[in-house]
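The block underneath contains the structure these notes are about, expressed in structure tokens.
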């Protein structure tokens, strides 16, 4: 039998050899198969993971307080892309931990849960993605209780930036039954939730009781507010939720964040405007000698109370000082042509916070040491100095679109001790080349003593060229240097495609407002007005495009958007955007006189 089989196989070998040769060639030369078109892997997977099973199921009661875990089983292999997107409410001291077991995501808690309490474990949109293409799981919220019942109330809202009203993604909204102001600093909330891409939040399955409502940008993820490094928002009044949880509510559904219509259709009950508090502790935090005769100090908190300053060896009347508008930075100049020592000993008498947190009058010595590069530059021979190093330099600025509102501006790097503003020459040349000399008014900027505005007294006309000349050696700075001659030129825009915005403002009622024209993204201020009475504001020479109009309720009239204070329950100054058809964005067409009436009482209601 065996011999017969061997002979039969042996007889087939001559017939199989050509076939084997072809097959071996195909195996040994795989590169020949893809010299033209690579093999196709089929269409790209765009389907997000689907959850097939969950343990325990949402709504489970009487769950264990220790070694608790929640398991999510998917239809494919997944991974956690954003661990912060796995959020437990109320939060524990340690964030939820997780591990993968095949297609199952196991979430567990290292801390023991409280007794008779309802918890929600939220898998946020995009926290979990599939292994291959990274398609995001749309999210899911599991509700369970360590007691015999599930709490059933709900709160929704939005968190936004106090200045731009842009939504804040990833903010932590916190509910406290403890009504003390210190609760936010000392212990974790009784319920919490994270905001989505639209700043929207829903805190579900909470108790039917009274809460204080806060939001923070929780930089370190500890669910406590740290004033020096984090932003905060708060609701002015206590709140008791009025809405009950129903799974059919749009506010509880998980949406694709790119679906603008559905995301914006969700109803919100509260609006939280987030801001950064100014530090409360007062002390000098920074010093710098930026020139032989100039330095600055930075204070930790605004509104520094400085009684006096002096420098050893310098007469007090030789010092020029200026605070910035928020009074947390002080510039210092020495008006003395003598060579200054390498180290200036500055003494500051001010109100400083002591170890008990109380402001006390203190005299502090500050050593101002000259920079090594400045010291080396001082040894440069005069014939090697650049021309700019030996003159009273000036930065001049004028723009055709805003010259009628802002005029011409000039800013000096150092305070000037001799000025020649009465020697300026303002002239105009008409389209027929007729020259005329005009008059002007000079105003020093109250917020910057080195900056001046020169405003023509006449009404500027289209088609005319306007010149402002600074004659040679008419301005002298504290270094003893004089200016070079320079001339500025401006012509009103002639583009017929430009438009003009007319805002008829009413309802001021004795309140000051800051009205600003911003770009579409609300990041750049193009024009601004300080408004103290009902009148029409005109924004000429506006290019075709998209803009926003921001209006700030400037209660103290300082022209700034003042921030809030948590402990004194002071909100940041209110900001509103003028809307058309529920949109912050205003589309300005070309060649248009665009008129709108703005009723401030209604806008800020």
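Observations
- Subset of segment 284-338 (residues that are surrounded by fewer than 16 Cβ atoms within 10 Å (Cβ to Cβ), at negative phi and in a loop (DSSP other than H, G, I, E, B)): 305, 312, 315, 324, 325, 337, 338
- Looking only at segment 189-202, and only at residues there that are touching a residue at least 40 places away in the same chain (Cβ under 8 Å) and assigned to a loop (DSSP other than H, G, I, E, B), the one that is nearest to residue 569 (Cα to Cα): 189
- Residue satisfying all of: in segment 388-398; without any contact (Cβ under 8 Å) to a residue 24 or more places away in the chain and not in a strand (DSSP E or B); surrounded by the most Cβ atoms within 10 Å (Cβ to Cβ) among these: 389
- Against the numbered list (1) touching a residue at least 60 places away in the same chain (Cβ under 8 Å); (2) on the phi > 0 side of the Ramachandran plot; (3) touching a strand residue (DSSP E or B) at 6+ places or on another chain (Cβ under 7 Å), residue 520 comes up short only at (2).
Yes/no matrix, rows are residues, columns are (1) without any contact (Cβ under 8 Å) to a residue 24 or more places away in the chain; (2) farther than 30 Å from residue 519 by Cα; (3) surrounded by fewer than 18 Cβ atoms within 10 Å (Cβ to Cβ):
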| site | (1), (2), (3) |
| --- | --- |
| 215 | no, no, no |
| 232 | no, no, no |
| 239 | no, yes, yes |
| 248 | yes, yes, yes |
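- Qualifying residue in segment 264-272 (condition: outside any helix (DSSP H, G or I) and crowded, with 22+ Cβ neighbours inside 10 Å): yes
- Scanning segment 404-422 for residues that are in a helix (DSSP H, G or I) and touching a strand residue (DSSP E or B) at 6+ places or on another chain (Cβ under 8 Å) yields 404, 405, 406, 421.
- Residue check, residue 401 surrounded by fewer than 16 Cβ atoms within 10 Å (Cβ to Cβ), touching a strand residue (DSSP E or B) at 6+ places or on another chain (Cβ under 9 Å) and either without any contact (Cβ under 8 Å) to a residue 12 or more places away in the chain or part of a loop (DSSP other than H, G, I, E, B) (or both): no
- Taking the numbered list (1) in contact (Cβ under 8 Å) with a residue 40 or more places away in the chain; (2) in a loop (DSSP other than H, G, I, E, B); (3) over 23 Å from the mean Cα position of the chain (by Cα); (4) at positive phi in turn, residue 205 passes all entries but (2).
- Here is the figure for segment 93-116: residues that are surrounded by 17 or more Cβ atoms within 10 Å (Cβ to Cβ) and part of a loop (DSSP other than H, G, I, E, B) total 4.
- Any chance residue 133 is outside any strand (DSSP E or B), more than 17 Å from residue 57 (Cα to Cα) and out of contact with any strand residue (DSSP E or B) (no Cβ under 6 Å at 6 or more places or on another chain): yes
- Selection within segment 583-598 - touching a residue at least 40 places away in the same chain (Cβ under 8 Å), surrounded by 11 or more Cβ atoms within 10 Å (Cβ to Cβ) and either in contact with a strand residue (DSSP E or B) (Cβ under 6 Å, 6 or more places away or on another chain) or part of a strand (DSSP E or B) (or both): 584, 585, 586, 587, 588, 592, 594, 595, 596, 598
- Residues that are closer than 14 Å to residue 288 by Cβ and part of a strand (DSSP E or B), drawn from segment 348-380: 366, 367, 368, 369
- Residue in segment 441-457 that is in a loop (DSSP other than H, G, I, E, B) and under 28 Å from residue 594 (Cβ atoms) present: no
- Those residues of segment 165-193 which are surrounded by fewer than 17 Cβ atoms within 10 Å (Cβ to Cβ) and under 25 Å from the mean Cα position of the chain (by Cα), in sequence order: 166, 169, 170, 185
- Some residue of segment 73-83 being over 27 Å from the mean Cα position of the chain (by Cα), crowded, with 19+ Cβ neighbours inside 10 Å and in a strand (DSSP E or B): yes
- Residue check for residue 471: in contact with a strand residue (DSSP E or B) (Cβ under 6 Å, 6 or more places away or on another chain) and at pLDDT 95 or above: no
- Looking across segment 530-549 at every residue that is surrounded by 16 or more Cβ atoms within 10 Å (Cβ to Cβ) and free of Cβ contacts under 8 Å to residues at least 40 places away in the same chain, the one that is nearest to the chain's Cα centre (by Cα) is identified as 548.
The values are calculated or read from the model by the stated rules, or taken from the named source; none is laboratory data. All figures in this text were calculated on a predicted structure; none of them were measured in a lab. Methodologically, a virtual Cβ is constructed for each residue, glycine included, from the backbone with ideal geometry; neighbour enumeration extends over all protein chains shown.
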